[in-house]
Structures are given as C-alpha cells and as structure tokens.
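Participant: The structure under discussion is supplied below as structure tokens; questions concerning it will follow.
Each value in this text was obtained by applying a stated rule to the coordinates, not by laboratory testing. Everything numeric here is computed off the predicted structure, so don't read it as measured data. Here the Cβ positions follow ideal geometry from the backbone for every residue, glycine too, while neighbour counts run over all protein chains shown.
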Amino acid sequence: MVLIALILAAAPADAVADNRRAYAACLDSYTSGAIGKSMAKDAFIVGLKAKCADKEASFRQALTAADKADGMSEAEAKEDADDQVGGYVDQMVEKFQTGE
C-alpha cells in the first residue's frame, strides 16, 4: 500500500520531467534548423510555437497537475507554467538571434 502511494506521488514529477525534455528537445530542434535562415524574429516565434504546440500543451498539463498536487492554486499553477514556457521561448529566441 505504501509502495503504491509512493509511486503515485512520484508520477507527476516524472511526467513533468519527461514532458519538459520532450518540449525542450522540440524547441531546440526547431531553433537549430532555423539558425542561419533569413527569418524575422516574429516569424521564428510563430513557427516555433506552431511546431512545438503539442509538446507545450503536454508540458503545461503535467506541470500544472504537479503544481496543484503540491498545493498551488489553479491560477498559481497556470502562472508557473506561463513563466516556464516563456523562459524556454526566450532562450530559443536568444539562441536564434545569436546563432549559437
């Protein structure tokens, strides 16, 4: 019984890590392919978000569930997801613009 509780308690964190890796890999793959192409920043962002929309949604869902399981309100969990996704997008924009 205790083992099942421990497994269930770990599941949200595992889901977050797995979905975070998948989302980050998608963002990185798109960004790496876009570096060096003649593309405006806004077009890059639109393409990035479109390409990785399903991975973003899965990451947001897993993160929100884990945050709520840790006691955050729905609004706080949504804000955390927005902040983390925004941070990833900002990193990819910087990578795209510097070409690194």
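Participant: Small (Gly, Ala, Ser), in contact (Cβ under 8 Å) with a residue 40 or more places away in the chain and touching a Leu at 6+ places or on another chain (Cβ under 8 Å): does that describe Ala66?
Facilitator: For Ala66, the condition - small (Gly, Ala, Ser), in contact (Cβ under 8 Å) with a residue 40 or more places away in the chain and touching a Leu at 6+ places or on another chain (Cβ under 8 Å) - is not met.
Participant: Among the listed residues Gln84, Gln61, identify the single one that is farther than 27 Å from Gln97 by Cβ, assigned to a helix (DSSP H, G or I) and not acidic (Asp, Glu). I'd like the intermediate steps shown before the answer.
Facilitator: Numbers: Gln84 fails: farther than 27 Å from Gln97 by Cβ.
That would be Gln61, the only listed residue that is farther than 27 Å from Gln97 by Cβ, assigned to a helix (DSSP H, G or I) and not acidic (Asp, Glu).
Participant: Looking only at segment 45-55, decide whether some residue is surrounded by 12 or more Cβ atoms within 10 Å (Cβ to Cβ), in contact with a Ser or Thr (Cβ under 9 Å, 6 or more places away or on another chain) and in a helix (DSSP H, G or I).
Facilitator: Yes: segment 45-55 contains one or more residues that are surrounded by 12 or more Cβ atoms within 10 Å (Cβ to Cβ), in contact with a Ser or Thr (Cβ under 9 Å, 6 or more places away or on another chain) and in a helix (DSSP H, G or I).
Participant: Among the numbered criteria (1) surrounded by fewer than 16 Cβ atoms within 10 Å (Cβ to Cβ); (2) in contact with a Ser or Thr (Cβ under 9 Å, 6 or more places away or on another chain); (3) within 22 Å of Glu100 (Cα to Cα), which single criterion is violated by Glu74?
Facilitator: The single condition Glu74 does not satisfy is (3).
Participant: Hey, can you tell me all the residues within segment 90-100 that are within 14 Å of the chain's Cα centre (by Cα) and buried (at least 16 other Cβ atoms within 10 Å of the Cβ)?
Facilitator: Across segment 90-100, the qualifying residue is only Met92.
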